[in-house]
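Structure record follows, encoded as structure tokens.
The values are calculated or read from the model by the stated rules, or taken from the named source; none is laboratory data. All figures in this text were calculated on a predicted structure; none of them were measured in a lab. All Cβ positions, glycine included, derive from the backbone under ideal geometry; neighbour counts span all protein chains shown.
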């Protein structure tokens, strides 16, 4: 009877996986869902063929992993059978999201040096992970962030708080990935936003529910390899014309007219006194995008410390057998991630020269299409077979990138719900292996369904604050608790709970009153400039700075201190004035080409005017932000500069004000265990 039931269960699982695969294939291959996009209609079949191959590979991995996923250890930690090299590639796959692949290349193509600084920030973050987190966490934990904190603190209390923090961080980051995935896939190949989100959700659920950590790990490995291969090919085609000489490549960037035009646009009136060579050189210097030093410091703190507190990154260290393999995996991850981020320099600047910022922003204002458009260009252009094949490959890799990252996040959130809350708190660690695996799969379905729903509901929303929240909460809540639990003897349950709650709430609260949120009155003001233009402004004398505190909070008359004298600014006509002039001029045009261009400009201006008018109408209804503010109270886009020190301070204060005998008694064992790894394997198996 047991054999028959087992066989029947396997057959049902196969049917479910097959149904998921067919549903996904039907959604993504239906031409009705793929109107528009960067790929020409006649080449759409090629795009779907490439997508189909990559989806087939990942589904086969899931099928293989499902046959080897039966116990809790196998579901959460891949049975601790992953080698250091494999885990390094998987960490790279987990870490290199669509923001890394598409976003950074786009930032570099638009802003030059400042875009590359994001690459440096994310790479440096792994030094923190290597030095203070990887080995100790692997030695004392089993599957989750809650396990690490519960080793010497009150298990139930710390697991509840850790689970809440994990779910919060994962949800913010997950929503941003789902929304970004829907927008990017729609822009790349024209698939409807909702269909893109559903497709990402179905694939992700297949990996996690059936294959657990083993399937997620190998999907991330495959995706990371494809990402590196695509990037290397792009760099070879982009850099080869300059003899693979870095000085020659950078000199070409400085002398490129499209780069010079973009810098002139960014600098505005200041560019009028600069030569073309100076404009090109300015592209290789800081200040075109990251203009506030304090904001840069705050963002850097969140990136460096937030990475070490990301739950889906911490989970990866439980998949290896030894502490040595954990260290090795971080070193491999740093090498792979570092190599990739170096490549983004050539991707972004190659796109700036060969494609141009004007064409990139015409398709996507954020510049996210820089890499794919560069692939299309080096392959032969929009009308060539090879160009669209290369674009299809890059689009499919972007899709795999999004799905792999989402799978890791869902697994982290599901493990917090099932392992920490259900098994650890509700069942008191008395659940059987089968019950734990079932609970994990049900939790994965819940989180996955929530991710799809939130992703669709958040269509068209500004999700920048969600990414900021994810890193800020991880750095302000998770890292102080983990770091001080590992390295400070006085740390106890009360300090951990206070630090995680205050740090997380402070990070969320500051982001909700920061410039990341939408302020209708400010949006309406910008829309008014579009409609009516800007009047001429006389030069203003330089003023002294108003202090550090005023740069953090809007408590002074001016939101930013004026540090330099401004030049005279001529009047700029608005869309209404331009439209009136074009309509007056249209009847006088005799040349067909000029008349067609004028009609196109009129149509574009009418669209811009309609959008601005819609903004005005919305601003009349929604006069303030969701927090009831007309303008930001906290002026930094990332709260790390305030919330991270506050998180550490609260852990220290809570630990000093209250005593916890368990935390004190377990310190010696934790100290020995985290440095030697003694008994870590039996504990994980148990």
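Answer yes or no: is there a residue in the range 296-304 that is free of Cβ contacts under 8 Å to residues at least 60 places away in the same chain and buried (at least 20 other Cβ atoms within 10 Å of the Cβ).
Looking through the range 296-304, none of the residues is free of Cβ contacts under 8 Å to residues at least 60 places away in the same chain and buried (at least 20 other Cβ atoms within 10 Å of the Cβ).
Only one of 63, 48 is in a helix (DSSP H, G or I), over 30 Å from residue 324 (Cβ atoms), at pLDDT 70 or above and touching a strand residue (DSSP E or B) at 6+ places or on another chain (Cβ under 9 Å); which?
Of 63, 48, the one residue that is in a helix (DSSP H, G or I), over 30 Å from residue 324 (Cβ atoms), at pLDDT 70 or above and touching a strand residue (DSSP E or B) at 6+ places or on another chain (Cβ under 9 Å) is 48.
Does any residue of the range 319-340 turn out to be surrounded by fewer than 23 Cβ atoms within 10 Å (Cβ to Cβ), assigned to a loop (DSSP other than H, G, I, E, B) and either at negative phi or touching a strand residue (DSSP E or B) at 6+ places or on another chain (Cβ under 8 Å) (or both)?
For the range 319-340, residues surrounded by fewer than 23 Cβ atoms within 10 Å (Cβ to Cβ), assigned to a loop (DSSP other than H, G, I, E, B) and either at negative phi or touching a strand residue (DSSP E or B) at 6+ places or on another chain (Cβ under 8 Å) (or both): present.
Of the residues 233, 226, which single one is under 17 Å from residue 395 (Cβ atoms) and over 23 Å from the mean Cα position of the chain (by Cα)?
Going through 233, 226 in turn, the sole match is 233.
Can you confirm whether the range 503-521 contains a residue that is touching a helix residue (DSSP H, G or I) at 6+ places or on another chain (Cβ under 8 Å), part of a helix (DSSP H, G or I), touching a residue at least 60 places away in the same chain (Cβ under 8 Å) and more than 30 Å from residue 635 (Cβ to Cβ)?
So far as the range 503-521 goes, no, none of its residues is touching a helix residue (DSSP H, G or I) at 6+ places or on another chain (Cβ under 8 Å), part of a helix (DSSP H, G or I), touching a residue at least 60 places away in the same chain (Cβ under 8 Å) and more than 30 Å from residue 635 (Cβ to Cβ).
Conditions (1) more than 17 Å from residue 636 (Cβ to Cβ); (2) at pLDDT 65 or above, marked per residue:
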site: 488; (1), (2): yes, yes
site: 542; (1), (2): yes, no
site: 546; (1), (2): no, no
site: 558; (1), (2): no, no
site: 562; (1), (2): yes, no
site: 566; (1), (2): yes, no
site: 569; (1), (2): yes, no
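Mind listing just one residue for me: the one in the range 352-378 that is touching a residue at least 24 places away in the same chain (Cβ under 8 Å) and outside any helix (DSSP H, G or I) and, of those, surrounded by the fewest Cβ atoms within 10 Å (Cβ to Cβ)?
366
The rows are residues; the columns are (1) surrounded by fewer than 24 Cβ atoms within 10 Å (Cβ to Cβ); (2) in contact with a strand residue (DSSP E or B) (Cβ under 6 Å, 6 or more places away or on another chain); (3) part of a helix (DSSP H, G or I); (4) at pLDDT 90 or above.
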position: 127; (1), (2), (3), (4): yes, no, yes, no
position: 132; (1), (2), (3), (4): yes, no, yes, no
position: 139; (1), (2), (3), (4): no, no, yes, no
position: 146; (1), (2), (3), (4): no, no, yes, no
position: 157; (1), (2), (3), (4): yes, no, yes, yes
position: 163; (1), (2), (3), (4): no, no, yes, yes
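Looking only at the range 636-652, count how many residues are crowded, with 24+ Cβ neighbours inside 10 Å, within 25 Å of the chain's Cα centre (by Cα) and in a helix (DSSP H, G or I).
4
Could you tell me whether the range 613-635 includes any residue that is at pLDDT 80 or above, in a helix (DSSP H, G or I) and surrounded by 15 or more Cβ atoms within 10 Å (Cβ to Cβ)?
The answer is no; no qualifying residue exists.
Checking residue 271 against (1) more than 21 Å from residue 479 (Cβ to Cβ); (2) surrounded by 19 or more Cβ atoms within 10 Å (Cβ to Cβ), which single condition isn't satisfied?
Tallying (1) more than 21 Å from residue 479 (Cβ to Cβ); (2) surrounded by 19 or more Cβ atoms within 10 Å (Cβ to Cβ), residue 271 fails exactly one: (2).
Could you run through the range 274-292 and say how many residues are exposed (fewer than 13 other Cβ atoms within 10 Å of the Cβ) and either more than 21 Å from residue 354 (Cα to Cα) or without any contact (Cβ under 8 Å) to a residue 40 or more places away in the chain (or both)?
Summing the residues that are exposed (fewer than 13 other Cβ atoms within 10 Å of the Cβ) and either more than 21 Å from residue 354 (Cα to Cα) or without any contact (Cβ under 8 Å) to a residue 40 or more places away in the chain (or both) in the range 274-292 gives 3.
Considering only residues of the range 259-273 that are over 29 Å from the mean Cα position of the chain (by Cα) and without any contact (Cβ under 8 Å) to a residue 40 or more places away in the chain, which is farthest from residue 110 (Cα to Cα)?
273
This table checks each residue for (1) under 30 Å from residue 110 (Cβ atoms); (2) modelled with pLDDT under 85; (3) over 21 Å from the mean Cα position of the chain (by Cα).
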position	(1), (2), (3)
358	yes, no, yes
385	yes, yes, yes
394	yes, yes, no
408	yes, yes, no
428	no, yes, yes
431	no, yes, yes
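Sort through 119, 109 and tell me the only one that's farther than 13 Å from residue 221 by Cβ and crowded, with 24+ Cβ neighbours inside 10 Å.
109
If the requirement is being surrounded by fewer than 24 Cβ atoms within 10 Å (Cβ to Cβ), at pLDDT 85 or above and in a helix (DSSP H, G or I), which of these qualifies: 217, 187, 168? So that I can check it myself, show each step before the final result.
Values: 217 fails: surrounded by fewer than 24 Cβ atoms within 10 Å (Cβ to Cβ); 187 fails: at pLDDT 85 or above.
Result of the check over 217, 187, 168: 168.
List every residue pair whose Cβ atoms sit under 6 Å apart, with the two residues 6 or more apart in sequence or on different chains, where the first one lies in the range 241-258 and is on the phi > 0 side of the Ramachandran plot and the second, anywhere, is surrounded by 12 or more Cβ atoms within 10 Å (Cβ to Cβ) and at pLDDT 90 or above.
The qualifying pairs do not exist here.
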